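Below you'll find the structure, written out as structure tokens, and then a few comments.
Taken together, the values in this text are just the output of simple stated rules run on the coordinates, not laboratory data. Model, not experiment: these values are computed from the prediction. Cβ: placed from backbone, ideal geometry, glycine included. Neighbour counts: every protein chain shown.
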Amino acid sequence: MAVAINATVQDNSWPSRVLVSVTGLTIGDQVALYRYYRSVRYPVRAGTSDAVTDTSFVRVDAELPFGGSIVYTVVVNDSVAYSTAPLTVTLDGGKAAITDAVTGVAAEVSILAWPDKRYERPISTFRVGGRNVVVMGQRPGFTGSIEVLVESDAARENLNSVIEGATSGIVQIRQGGSYGGVDCYVAVVADTESRWSQDGSDERRRWVLDVVEVDPWAADLEAAGVSLQDLADAYDTLTLDDLSDDYSTLLEIAQAVFE
């Protein structure tokens with residue numbers, strides 16, 4: 001069987017994810033999965049293996065940019081590359097997403113204000129011979145405050161869950177692709193929740209997030225895919241025979257969309 005790579009959009013969750021599957025491998029092959037966006041190559045989370053133990057290799061990409069053309073490529077044995085056709089994934093709802101790509105927890109928000117990003121180098125200043133001598137470190141990621149709006153109690157609980165349970169304290173911000181400079185990884189170091197209406201009649205909340213830009217999660221942390229709970233929910237009151245009637249292989253289960 002020839003090696004083939006396929007990208008399946010999983011739009012049963014929000015925001016949508018892409019499941020990338022590579023088939024036709026030989027056990028022991030070395031593989032590396034990448035996402036190409038605007039001619040830049042990005043590694044897919046947990047997308048490398050020095051020696052695969054199955055003829056199929058499947059990973060979920062929950063960090064893709066929305067609204068732009070992307071291509072997935074797998075490099076096999078550091079020599080031969082196979083690619084998908086270009087695809088574009090839409091961020092439904094027209095708002096922004098604050099997510100934990102490892103666990104899949106996500107919150108839908110509207111960004112009300114993000115006035116500035118502050119970049120501050122670590123420095124030491126010395127007064128030498130009537131001169132100021134400044135020794136500077138590298139320019140780090142930004143710090144700043146982002147004001148967002150959540151419009152329901154459910155959205156409020158989702159945002160709280162993302163902030164409280166973020167893997168390694170990191171969350172990602174994604175928008176629909178209409179403007180740049182938004183998609184990033186941050187640590188929320190402080191947050192302030194305010195009622196939109198003070199009489200308690202309105203579920204909306206204004207939330208100010210004090211953030212520090214950080215690197216993404218460790219590369220070996222795999223994004224959540226199909227879980228046993230997904231199967232249990234989809235086949236409630238049914239049996240494993242019913243599941244096997246629908247899907248003959250584990251690969252087909254991983255590629256399935258469970259409502």
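Listed values, structure above:
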item: Length released on extending from Ser124 to Thr23, taking residue separation times 0.36 nm less the Cα-Cα span; result: 30.9 nm
item: Rounded if a/c under 1.5, otherwise prolate or oblate - the range 1-91, Cα gyration tensor axes; result: prolate
item: Helix-only mean residue ellipticity at 222 nm for the chain, each DSSP H run of n ≥ 4 adding -39500 (n - 2.57), per residue, nearest 500; result: -3500 deg cm²/dmol
item: Whole-percent pair-distance distribution, where bins are 10 Å wide, for the alpha carbons of the chain; result: 6, 25, 29, 22, 12, 5, 1, 0, 0
item: The range 1-85, dipole about Cα centre (Lys/Arg Cβ +1, Asp/Glu Cβ -1), debye to the nearest 20; result: 280
item: Neighbour-limited loop hits for chymotrypsin sites (Phe, Trp or Tyr not before Pro), the range 168-223 (at most 13 other Cβ within 10 Å; DSSP other than H, G, I, E, B); result: Tyr179, Trp196
item: Cα-only radius of gyration and Dmax that characterise the range 85-175, units Å; result: 19.5, 63
item: The chain: most fluctuating residue of Val105, Val208, Val133 per GNM, C-alpha cutoff 10 Å; result: Val133
item: Charge dipole (debye, nearest 20) of the chain; +1 at Cβ of Lys and Arg, -1 at Cβ of Asp and Glu; result: 1940
item: Positive-end extreme of charge dipole, the chain - chosen from Asn6, Ile163, Val135 (charges on Cβ); result: Val135
item: Net dipole in debye of the range 71-159 [+1 Lys, Arg Cβ; -1 Asp, Glu Cβ; about Cα centre; nearest 20]; result: 860
